[in-house]
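Reviewing the structure listed below.
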Amino acid sequence: MTLRLPLTLLLLVAAGPAAAQNASSAGALELYPTFHSVGVRLAFSGDANLNATARVEWRQTGSPEWRAGTFLTRIPGPRWAGSVFWLPSGADVEVRAVIEDPDGGASATGTVRTRAPLPAAPGGVTRWVAPGGSDANPGTSAAPFATIQAALNVAQPGDEVRVRPGVYYQSFDTPRSGTASAPIHIVADGPGVVLDGSDPAFLGRTDWRDEGGGIWSVPFSGATRLVVVDSTMRLYRQSSLASLQANANGMTQGWALEGGRLYVKPEGGLDPNGRPVHVARYDVGGLVDVAYVRVVGFEVRYFGTTAAAAGLSLRGATGCELIGNSIHGIGGKGIFLRVGAADNLVEWNVCRDTRIGGWPWAATKGHEEELQGISNRGLRGNVIRYNTVRGTFDGIDAGGDATNENAAADCDLHDNRVFGVADDALETEDFAGINMRVYRNWAEDMLNGMSISPNFTGPTYVLYNTFHESRKGGFKFSLDTVGETFIYHNTLASTRSGFGPVYPSGRWSNKHFRNNIMVGRGQPAIGDDAGESQTGNDFDGDLLHAIGYSLVVWKGVVYSTIGAFRSATGFELNGRAGDPLFVNAAAGNYALGAGSPAIDAAVRLPGINDQYAGNGPDIGAWESGGTGPDTTPPAAIRDLNAQ
């Protein structure tokens, strides 16, 4: 079901008198809104000599003044594409795409409304669910249902399914849609509402048989991808009993299925008898595959039996919201936006794992535990913001379908916090990447800050992110990533030796760096030692600093000064080199201290850094006089509902 369509207009076409094959003519203008951005795609004809450029302008409806926006890039069609940033939510906005062509230009204008959140207050019937209820009840406060599913089966648009505190060994799916003005609300009635996908028969079980070597077993039939002991001790999946006995992949704990028995090897030789052991029996905690449904405030844990497992899953869902849920111990992705999911909002959720982030990288890469906290494999318009991810293999990813140009297109991934992941904090991979916007995220303690490996088309925007305490690299490029990517105003630094802000592992092209602070430690600020850089990459306005290494290595040539790098390549004409003078980088405070060479020194980027304090925008993610991002890590991982 498609509920929000892009606005396609054929308006205000103006072309010059030059020769038809070289002059540009504007075609359909497509505007695709999120809450604070609009994706722009403009079809055109002509420009056979490829000498045209294009840009976007915008204004709120009723305002007399047009504001300059970003430049547009070419995408197949032929079309121009780009984004408008920093818009108010729920506002009517005029957008004008302008083609500037010496042979004759053109323009097209349209109007679109940015999205607003769904109504948070239900307007229909409240249907109650509680421990001790019965699905034969009418679902009133005095006579509640026992299962969320029973309440959803009768819920209508505008209704609220309200769930009282307790542990619910069940899952749910959504049989019908709400509407934009009357969504269906699935709401936890306070803290302590737990959706648990494990089999309670394993809690406190006393028939575990001692197999020797710290391994115990019980009879088991069925499928699972998750075993957790004592609520937080996730065990590693081994392929066989022999692998479990041999500590395969360097893992001295784990579990295996063989011969109709479940074998576990807890940490420290722990005897599982009488202890809570959580074995997942349901695959997905909450499956939303309709439109306009809100899921708010649940603890979701111990789900996962197949490769499609998730705590909460949006499969083909449109216009839905997942808000304020705590998801942990999942044998799959914490939150999974699957094929067809579009125009959804995922915000203020916490997705965490207690073990994966600390396991050896080689043990988890390519294994069942190579999981993400939040994964956007859907279509256009999904917004992932204000979430916290901790301890998974990867933090948040987007893409995954190289055959569909609208996979994860026109999406916003912003103001999230990622801590302690085993591999990449952020990933935008294996997709066209048209109008993918990644901004104001905080990432800490990961192998690589962000992987763009590969995107094929773009434009993808990476703006105002902070990457703190990476163990290896900042930006990772490989696999012939060629999509136009604009990497502006990011801050990258680490106290760990061997950190390189630009750290390619394969061929890369068309990546444009502006106004970033990049501090290498035991590596150059910009590294391209094997000549992985191909065509279209460029740098300007960045502040570069290297500790214990030369400043830049480019195509295998070492440059100790920014002047030498500039003379040889033409890059960094407005760039600088030197200590950024952060207030306290080791503690994650990347505010600029007095006298920092980054203050007021950024290259002006229309539509990106128009708002600033002082005499000009600062280089990096933190503007002087601003508050900076929220860098507070989440509370210590614990499970107060052990049973």
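Since every read-out is calculated from the coordinates, none of them should be taken as a lab result. Predicted model only: the values in this text are computed from it and were never measured. Here the Cβ is made from the backbone with ideal geometry for all residues, glycine too, and neighbour counts use every protein chain on show.
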(request) With unit charges on the beta carbon (Lys/Arg positive, Asp/Glu negative), name the residue among Pro617, Pro102, Ile186 whose Cα is farthest towards the positive pole of the charge dipole of the chain. (result) Ile186
(request) When a/c is below 1.5 the answer is rounded, else prolate if a/b is larger than b/c, else oblate, so apply that to the stretch 281-349 with a ≥ b ≥ c taken from the square roots of the Cα gyration tensor eigenvalues. (result) oblate
(request) Specify which residue in the list Gly133, Tyr559, Ala246 is farthest towards the positive end of the charge dipole of the chain, using unit charges on the beta carbon of Lys, Arg (+1) and Asp, Glu (-1), about the Cα centre. (result) Gly133
(request) With only Lys, Arg, Asp and Glu charged, each at its Cβ (+1 for the first two, -1 for the last two), find how big the charge dipole of the stretch 200-279 is about the Cα centre; round to the nearest 20 debye. (result) 220 debye
(request) Add +1 for every Lys or Arg and -1 for every Asp or Glu among the other residues with Cβ under 14 Å from the Cβ of Glu258, and state the total. (result) +3
(request) Could you calculate the contour length gain from Gln534 to Val296, that is, 0.36 nm times the residue separation minus the distance between their Cα atoms, to one decimal place in nm? (result) 81.0 nm
(message) Multiplying the sequence separation of Leu573 and Asp135 by 0.36 nm and subtracting their Cα-Cα distance, what value in nm do you get?
(response) 150.7 nm
(message) Quick check on the stretch 78-128: take the gyration tensor over C-alpha atoms, sort the square-rooted eigenvalues as a ≥ b ≥ c, and tell me if it's rounded (a/c under 1.5), prolate or oblate.
(response) prolate
(message) 5 Å is the cut-off here: which amide hydrogens, built 1.01 Å from N in the peptide plane, fall below it relative to Thr34, excluding neighbours closer than 5 in sequence?
(response) Gly39, Arg115
(request) Please state, to two decimals, what the Cα-based radius of gyration of the stretch 316-424 comes to when divided by 2.2 N^0.38 Å (N = residues). (result) 1.02
(message) Spelling out what I want: for every residue of the stretch 510-527, take phi, set θ = phi - 60°, compute 6.51 cos²θ - 1.76 cosθ + 1.60 (Karplus), and round to whole Hz; glycine and proline get x.
(response) 6, 10, 10, 9, 9, 6, 9, 9, 10, 10, x, 9, x, 8, x, 5, 10, x
(message) Among DSSP bridges having both ends in the chain, what percentage is antiparallel? Round to the nearest 5.
(response) 35 percent
(message) Helix-only estimate, please: 222 nm mean residue ellipticity of the chain, summing -39500 (n - 2.57) across DSSP H runs of length 4 or more and dividing by its residues, to the nearest 500.
(response) -1000 deg cm²/dmol
(message) Could you compute Rg(Cα) / (2.2 N^0.38 Å) for the stretch 429-643, with N its residue count?
(response) 1.00
(message) Please compute the length gained on full extension between Glu368 and Ala142, using 0.36 nm multiplied by the number of residues separating them and subtracting their Cα-Cα distance.
(response) 76.9 nm
(message) Could you work out the relative contact order of the chain? I mean the mean sequence separation of Cα pairs under 8 Å and 6+ apart, divided by the number of residues, in percent.
(response) 7 percent
(message) Give me the tail of P(r) for the stretch 7-113 as a percent: Cα-Cα pairs with distance above 22 Å.
(response) 26 percent
(request) Report the FRET efficiency, 1/(1 + (r/R0)^6), for Val125 and Asp271, where r is their Cβ-Cβ distance and R0 is 56 Å, rounded to 0.05. (result) 0.65
(request) Obtain the radius of gyration and the Kirkwood radius of the chain from its C-alpha atoms and give Rg over Rh. (result) 1.00
(request) Decide, for the stretch 200-279, between rounded, prolate and oblate: order the square roots of the alpha carbon gyration tensor eigenvalues as a ≥ b ≥ c, take rounded if a/c falls under 1.5, and otherwise choose prolate if a/b is larger than b/c, else oblate. (result) rounded
(request) Enumerate the calculated ³J(HN,Hα) couplings along the stretch 265-270 in order (Karplus 6.51 cos²θ - 1.76 cosθ + 1.60, θ = phi - 60°), each rounded to whole Hz, writing x wherever the residue is Gly or Pro. (result) 10, x, 5, x, x, 5
(message) Of Gly39, Thr392, Thr61, which is farthest towards the positive pole of the chain's charge dipole, taken about the Cα centre with +1 and -1 on the beta-carbons of Lys, Arg and Asp, Glu respectively?
(response) Thr392
(request) Starting from the coordinates of the alpha-carbon atoms of the stretch 133-271, obtain the Kirkwood hydrodynamic radius over all distinct pairs and give the value in Å to one decimal. (result) 17.9 Å
(request) Compute the signed sum of charges (Lys and Arg +1, Asp and Glu -1) over the other residues within less than 12 Å, Cβ to Cβ, of Glu532. (result) +1
(message) Once you place label points 7 Å from the Cα toward the Cβ at Trp361 and Asp610, how far apart are they in nm?
(response) 4.1 nm
(request) Mind putting a number on the dipole of the chain about its Cα centre? Charges go on the C-beta only, +1 for Lys and Arg and -1 for Asp and Glu, and I need it in Debye to the nearest 20. (result) 540 debye
(request) Provide Phe475, Phe513, Phe35 in ascending order of the number of other Cβ atoms located within 10 Å of each residue's Cβ, fewest first. (result) Phe35, Phe513, Phe475
(message) Using the basic label-point model (7 angstrom from Cα toward the beta carbon), what is the Asp173 to Asp600 distance in nanometres?
(response) 6.2 nm
(request) Please give every one of the lysines within straight-line cross-link reach of Lys333, meaning a C-alpha to C-alpha distance under 21 Å, and leave out same-chain neighbours fewer than 8 residues apart. (result) Lys365
